[in-house]
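One structure is given here, and the rest of the page talks about it.
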Amino acid sequence: MPEHSHRDGNDNGRDRQGARQPPKPGGRIVVVDWNAAIERPVGPPRDHVYLATEARSRLERLGLRVTEEAPLEYHYVLTAERP
């Protein structure tokens, strides 16, 4: 099920909403987010978003295994699954 997560400077970098719990075993989650490593003319300030490595670590701490990572012009895409 698609879900949108919004962050801004008022929440200290924590997701305001998003996955409330990891997917069931065998389930997947796809994360598309602005890339903090890239200087860009659009989107939120860099200090309000994550690096792909930070997002990967957050997913792994939830017990998920990142199976795919793809860079886009200003974003990154991570696909993770729960074993």
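In a DSSP loop and with at most 11 other Cβ atoms within 10 Å, the GluC sites (Glu not before Pro) in the stretch 33-68 are Glu39.
Shape of the stretch 36-83 from its Cα gyration tensor (a ≥ b ≥ c, root eigenvalues): rounded if a/c is under 1.5, otherwise prolate when a/b > b/c, or oblate? Prolate shape, in that a/c is at least 1.5 and a/b is the bigger ratio.
The trypsin sites (Lys or Arg not before Pro) of the stretch 20-83 that DSSP puts in a loop, and whose beta carbon has at most 12 other beta carbons within 10 Å, are Arg20.
The numbers here are math on the coordinates, done by the rules we state, and not lab data. No experiment lies behind these values; they were computed from the predicted model shown. All Cβ positions, even for glycine, are placed from backbone atoms using ideal geometry, and neighbour counts span all protein chains on display.
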